[in-house]
There are 2 protein chains.
Amino acid sequence: MGITASQIRQDLNCFGGFGQQGYGYNVEYLYNEIGNILGVNEAFKVIIIGAGNMGQALANYSNFEKRGFRLTGIFDINSSLVGKKIRDIEIMHLDSLERFVSENEVDIAILCVPYEHTPAVADKVARLGVKGLWNFSPMDLKLPYDVIIENVHLSDSLMVLGYRLNEMRKTEK
Amino acid sequence: MGITASQIRQDLNCFGGFGQQGYGYNVEYLYNEIGNILGVNEAFKVIIIGAGNMGQALANYSNFEKRGFRLTGIFDINSSLVGKKIRDIEIMHLDSLERFVSENEVDIAILCVPYEHTPAVADKVARLGVKGLWNFSPMDLKLPYDVIIENVHLSDSLMVLGYRLNEMRKTEK
DNA sequence: TAGATTGTTAATCGATTAACAATC
DNA sequence: TAGATTGTTAATCGATTAACAATC
């Protein structure tokens, strides 16, 4: 993985000692403990807001379930999408979000709404008490509430790729 | 942005001096120069491989065009998708990839194929001479060729969110 | 005991920040 | 000249790496 043994020991010791000097690590135990640290052994209830291509792609991506993220609801304002089912989860109208959140525990909201609607939707979700936001809009979302926000900036990654391609070309000339 | 003035000056000086001491920066000129450094003023020809939800989502995301990434082809093995058009780009069968790449310049291939097919598809694309790969499969793709690979690991970001939510809960208890 | 492996301290490296010189 | 702003060197900070002690 391109990581030194030293670094792994150093990193693990930020959270405690998981091995036995002279003996080694119990791999299964360590794997589990790392899971506990990351919280993947917790069960998070997740909703998706915005059932466009990105929202549907994420809804269909079942790998998240393995990490303890369970999709419990999908919301959109497009009435032609409302009622449609994705992996047994019915798409609901955004208007019913408030009732849903009050009746069901929701830990994380995945925001897949268009750029211009993102701040308003994020604000609404946060005020309803959802503590985790996963934002796919190309903006650095910040909120004045006690909310954890992870911004996914795909274009950043693409620009890094472009930069590196450019550099390669320069050095090859 | 949470960045000190010092850091901006330091970073810019990695690439040269773009301002005038005592006078300031010409914002328009600097903006353009940063674009040149990042390569967003170049025109990259991009193809998408895999026209599932993620591939379609990226194909419809027109913002990349603004940064100089022009979508020129979409490929899939699912024959029910072949022939369909996304933003005027016809989905082609993966079998015609080789001919397409030889007849058209392709700088970047976006890989949106299922996990198990990723290494084989990546290998094929790289051997055809595509120099940039943007990989959306949850694996750290590495190839023995002179190819630039950017891996997008969405689940990493989600796990960070889970970790931070967990931490918040712990400290609040 | 000898070899092996983790925990922990020390050394090194790189990046960020601060200070100041150069210039308008 | 005085004030303001960038370029560049020095100081600080944090993370990575190396060294070694502890232990099986």
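Observations on the structure shown:
- Residue count for region B:41-52 under the criterion of being within 13 Å of the chain's Cα centre (by Cα) and either farther than 14 Å from B:L111 by Cβ or within 7 Å of chain A (Cβ to nearest Cβ) (or both): the result is 2.
- Test for B:G83: is it outside the structural domain of B:P119 (by TED's automatic domain parsing) and loosely packed, with under 12 Cβ neighbours inside 10 Å: no
- The numbered conditions (1) aliphatic (A, V, I, L, M); (2) within 16 Å of DNA strand C (Cβ to nearest atom); (3) open to solvent by less than 30 Å² (accessible area, probe 1.4 Å) are all true for B:L58 except (2).
- The residue pairs whose first member lies in region A:26-40 and is within 17 Å of B:D156 (Cα to Cα) and at the interface with chain B (Cβ under 10 Å from one of its Cβ atoms), whose second member is open to solvent by less than 60 Å² (accessible area, probe 1.4 Å) and of a type in the set (G, A, S), and whose beta carbons are closer than 6 Å, counting only pairs six or more residues apart or on different chains, are A:G39/B:G162; A:V40/A:G68.
- Within region B:61-107, restricting attention to residues that are aliphatic (A, V, I, L, M) and not in a strand (DSSP E or B), the residue that is farthest from A:C112 (Cα to Cα) is B:V101.
- Complete set of residues in region A:53-71 that are more than 12 Å from the chain's Cα centre (by Cα), within 7 Å of chain B (Cβ to nearest Cβ) and touching a residue at least 24 places away in the same chain (Cβ under 8 Å): A:M54, A:Q56, A:N60
Quick grid of which residues meet (1) hydroxyl-bearing (S, T, Y); (2) within 16 Å of DNA strand D (Cβ to nearest atom):
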{"site": "A:T4", "(1), (2)": "yes, yes"}
{"site": "A:D11", "(1), (2)": "no, yes"}
{"site": "A:Q21", "(1), (2)": "no, yes"}
{"site": "A:G24", "(1), (2)": "no, yes"}
{"site": "A:L58", "(1), (2)": "no, no"}
{"site": "A:N63", "(1), (2)": "no, no"}
{"site": "A:N78", "(1), (2)": "no, no"}
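- Qualifying residue in region B:160-173 (condition: open to solvent by 20 Å² or more (accessible area, probe 1.4 Å), more than 8 Å from chain A (Cβ to nearest Cβ) and assigned to a loop (DSSP other than H, G, I, E, B)): yes
- Just one residue in the set B:N32, B:N78 is open to solvent by 60 Å² or more (accessible area, probe 1.4 Å), not β-branched (V, I, T) and not assigned by TED's automatic domain parsing to the domain that holds B:L133; that residue is B:N32.
- Within region B:12-25, considering residues that are surrounded by fewer than 10 Cβ atoms within 10 Å (Cβ to Cβ) and near DNA strand C (Cβ under 10 Å from one of its atoms), the one nearest to the other protein chains (Cβ to nearest Cβ): B:C14
- Residues in region B:129-151 that are under 12 Å from B:T118 (Cβ atoms) and assigned to a loop (DSSP other than H, G, I, E, B): B:F136, B:S137, B:P138, B:M139, B:D140, B:L141, B:K142, B:L143.
The values are calculated or read from the model by the stated rules, or taken from the named source; none is laboratory data. This is a predicted model, so every value here is computed, not measured. Don't worry about glycine lacking a Cβ; one is built from the backbone with ideal geometry, like all the others, and counts go over all protein chains shown. In case anyone asks, the SASA skips ligands and DNA or RNA and just uses the protein heavy atoms, side chains included. Shrake-Rupley method; radii C 1.70, N 1.55, O 1.52, S 1.80 Å.
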